[in-house]
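One structure below.
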Amino acid sequence: MTGPIDKRKSEHIQIALEEKVTGHSISTGFERVNFLHNALPEIDFDEISIHTKFLEHECKTPFLISSMTGGAEFAETINRNLAEAAEERGWVLALGSTRALIESEKFRSSFQVRKYAPSIPIIANLGAVQFNYGFGTDECRRIIEMTESDALVLHLNSIQEVIQPEGNTNFKNLLLKIEQLCAEVGVPVGVKEVGWGIDGATAKKLCDVGISFIDVAGAGGTSWSQVEKFRSSIPVKRNAADAFSEWGIPTVDCITSVRDHIESQPVIASGGVKTGVDAAKAIALGSDLVGVGRSILKEATQSLEDVMEVMETRELELRLAMFGIGASNLKELQETDRLRVESR
């Protein structure tokens, strides 16, 4: 028999694959960002390096598989394919929300993918709001231990929780609890949005209490109010969800705002990243890693080989963009003077 959490996780996968879960007109902003092509790059394409470091881990690429799923039967296949591919290609792997790991033993193995990815950084994931519903440092330590994760990311999803039929909506006094977790849990803790974005002032407030990295998860990609709309049987909530299909801070604006406010903590750009060219733009704007989510989900349901092909394509696109402006490594890409951002 399917329980409430695994039923919800299964529905999320199905809806993300089959329904229109993006806004109608809101965009990431990447269309406003372009590079000035360099016809004489003066570098060898074969020598271009996309190696980087994240939380003291050496990484072959600056790509991250964004938190998507876990805690459902089909999620085990998806996460295994993602983990094996991430290990092979050198991508960071973020797990889906691990609340289900604590609350149910069913499908626990869908989160336990370290055996498929022994060397890459793995990031566990939990909704920050759960600190107002019984979770604390002990539960987070159990999650980290059971998943053998290198870090924990807390997701902020206030609007989703209201539209979600079984949502938790008390977001009061979370900053103090986040500060306590950072001091006690023993691994780096990050914060991410889920598709509406994080602004610079909020990012600084979080980093000031001990947060180690920020994943902006900006608007222009998956809208979780739209996802929850398709799950809801309550007309009022379905109608309200539509009003928020264009809500949020575009990914490009998140990156620039967050980078303007914090200096040392890594910034992860996610939210509607579709190509390696988008990734190059995000890095040139100030991000350190680039997260890819729903654009790789379909392939993850199919085969390891399909996931690997998408990953290899994104990496090639990134290296081609770097070649096109004469950047031989990611530091040169971040410091390029060939980036052009159009005003709105």
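The values are calculated or read from the model by the stated rules, or taken from the named source; none is laboratory data. If you're wondering where the values come from, they're calculated on a predicted model, not measured in any experiment. Quick reminder, even Gly has a Cβ in these numbers, built from the backbone with ideal geometry, and neighbours come from all protein chains shown. SASA here: full protein model, heavy atoms, side chains in, ligands and nucleic acids out. Shrake-Rupley method; radii C 1.70, N 1.55, O 1.52, S 1.80 Å.
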Go through 21, 258, 86 and say which Cα lies farthest out towards the positive end of the charge dipole of the chain; charges sit on Cβ, +1 for Lys and Arg, -1 for Asp and Glu. 21
Ordered by number, the chymotrypsin sites (Phe, Trp or Tyr not before Pro) in region 39-85 that occupy a DSSP loop and have at most 12 other Cβ atoms within 10 Å are none
Residue-wise HN-Hα coupling along region 202-210, computed from phi with Karplus coefficients 6.51, -1.76, 1.60 (Hz; x: Gly, Pro): 5, 4, 5, 4, 5, 5, 5, 9, x
What is the log10 of I(q)/I(0) for the chain, computed with the Debye formula using one identical point scatterer on each Cα and no solvent, at q = 0.13, 0.15 Å⁻¹? -0.97, -1.32
Let me spell out the model: positive unit charges on the Cβ of Lys and Arg, negative unit charges on the Cβ of Asp and Glu, origin at the Cα centre of the chain. What dipole size does that give, in debye rounded to 20? 1020
Furthest towards positive pole of dipole, 230, 290, 217, structure part the chain, Cβ charges: 230
Residue-wise, which Karplus ³J(HN,Hα) couplings in Hz belong to region 92-107, taking 6.51 cos²θ - 1.76 cosθ + 1.60, θ = phi - 60°, and x for glycine or proline? 6, 10, 9, 7, x, 4, 9, 3, 4, 4, 7, 8, 8, 7, 5, 6
Residue by residue through region 302-312, which ³J(HN,Hα) values in whole Hz follow from phi under the Karplus form 6.51 cos²θ - 1.76 cosθ + 1.60 (θ = phi - 60°), with glycine and proline marked x? 9, 6, 4, 4, 5, 5, 4, 5, 5, 4, 4
So what does residue 142 come to for accessible area, using a 1.4 Å probe and Å² rounded to 10? 110
Summed side-chain charge close to residue 31 - residues other than residue 31 whose Cβ falls under 14 Å, Lys, Arg +1, Asp, Glu -1: +2
Keeping the other protein chains in place, figure out the carbon and sulfur percent of the accessible area of the chain, with a 1.4 Å probe. 49
Potential extension, residue 57-residue 338 segment - 0.36 nm per residue separation minus Cα distance: 98.2 nm
Once you place label points 7 Å from the Cα toward the Cβ at residue 312 and residue 24, how far apart are they in nm? 4.1
Hey, what number do you get for the chain at 222 nm if only DSSP H runs of n ≥ 4 count, each worth -39500 (n - 2.57), divided across all residues, to the nearest 500? -12500 deg cm²/dmol
State, to one decimal in nm, how far the label point of residue 14 lies from the label point of residue 73, with both points 7 Å from Cα in the Cβ direction. 1.2
Could you work out how much longer the chain between residue 34 and residue 148 gets when fully extended? Use 0.36 nm per residue separation minus the Cα distance between them, nm to one decimal. 37.1 nm
For residue 217, net neighbour charge (Lys/Arg +1, Asp/Glu -1) across residues whose Cβ lies under 11 Å away: -1
Let me make sure I get this right: for region 196-344, a, b and c are the square roots of the gyration tensor eigenvalues over alpha carbons, sorted descending. Under 1.5 in a/c it's rounded, otherwise prolate if a/b > b/c, else oblate. Which is it? oblate
Can you check what the Kirkwood hydrodynamic radius comes to for region 86-128, Cα pairs only, in Å to one decimal? 11.1
For region 297-344, the per residue accessible area (1.4 Å probe, Å²) is 56
Would you pull out the residues with amide H under 5 Å of residue 22's amide H, same chain only if 5 or more places away, H placed 1.01 Å from N? 223
Nearest 10 degrees is fine. How inclined is helix 73-89 to the longest principal axis of the chain, computing both from alpha carbons? 20
Assuming 0.36 nm per residue, please report the length gained on full extension of the stretch residue 141 to residue 45 beyond their Cα-Cα distance. 30.2 nm
How charged is the neighbourhood of residue 49? Take every other residue with its Cβ under 13 Å from the Cβ of residue 49, and add Lys/Arg as +1 and Asp/Glu as -1. -2
